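Below you'll find the structure, written out as structure tokens, and then a few comments.
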Amino acid sequence: MDSQLAKEKLAAAKQTYGRDIRVFETTTTTSTKTSNEPAIDEEPDEFFEFTAEDYYRILATKKEDKFLKTKKIREAEEAARRSRITKAVIRVRFPDNHTLEATFHPSETMQSLVDLLMKVVAQPDLPFYIYTTPPKKQIKDMSQDFYSAGFAPGAIVYFSYDQSKGDDHVAAAAASGPFLKEDIMSLKGLELVTEEEKTDVKQGATEPVAAGGSPAVQERKPAAEKKMVKPKWLRL
């Protein structure tokens with residue numbers, strides 16, 4: 001697909017749903033390590049022992065935080081940390097290995113994510129919930145903002161139809177899908193097209209361009225030969 005068309009489709013989706021949206025397929029490849037493989041750079045057991053020196057260092061740090069930092073200072077530091085985070089990129093993974101990525105402001109609440117899902121899922125009339133893992137924990141407090149939940153600058157949540165509140169139709173939808181609307185699925189991979197264009201432009205900018213084709217190579221002239229001079233003492 002042409003990069004300009006990809007940009008237009010992403011911009012249209014942003015205008016329709018009110019935020020930047022990306023769709024891509026999640027890879028499920030995982031690497032496993034067998035027990036007979038040798039450990040690489042493994043620390044000795046003594047490295048993990050908690051010594052008296054560690055205890056007193058942690059105790060001193062806690063005392064410093066308690067007595068030297070007032071409540072007002074701690075609140076100011078927290079406000080400074082929060083102001084540096086300007087967006088929360090939330091990725092919602094679906095059972096069919098597709099991921100929806102959307103950008104929110106850290107002060108927005110979980111309800112804004114649920115509202116977006118109601119607009120983009122293929123069957124919004126079916127009951128669903130979102131959760132984090134591990135361990136599996138269902139998100140129930142929809143009034144909590146993304147920053148307070150630890151979802152800023154980014155987080156991954158999981159989507160599931162709530163089979164306990166439905167019938168066989170919900171179970172069938174949970175097993176097969178589709179989970180996202182067709183117009184949302186049409187955005188799949190478009191961010192890769194735009195990224196490729198950026199890479200091509202960057203590479204083209206680094207290549208020198210010479211007028212009239214290839215850059216002229218200056219011909220190296222041989223050094224002029226020294227003129228032989230007859231020494232004064234030489235008499236013929």
Taking H as built 1.01 Å from N, whose amide H comes closer than 5 Å to the amide H of Ala122, not counting residues under 5 places away?
-> Leu180, Lys181
Sequence-distant or interchain residues sharing an amide H contact under 5 Å with Ile130, placed H: which?
-> Ile139
Under a 5 Å amide H to amide H cut-off, with H placed in plane at 1.01 Å, what residues pair with Ala88 once short-range neighbours are removed?
-> Phe104, His105
Working out 0.36 nm times the residue gap between Ser160 and Ile73, then minus their Cα-Cα distance, what length gain in nm do you get to one decimal?
-> 27.1 nm
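No value in this document is a laboratory result; all are computed from the given coordinates. If you're wondering where the values come from, they're calculated on a predicted model, not measured in any experiment.
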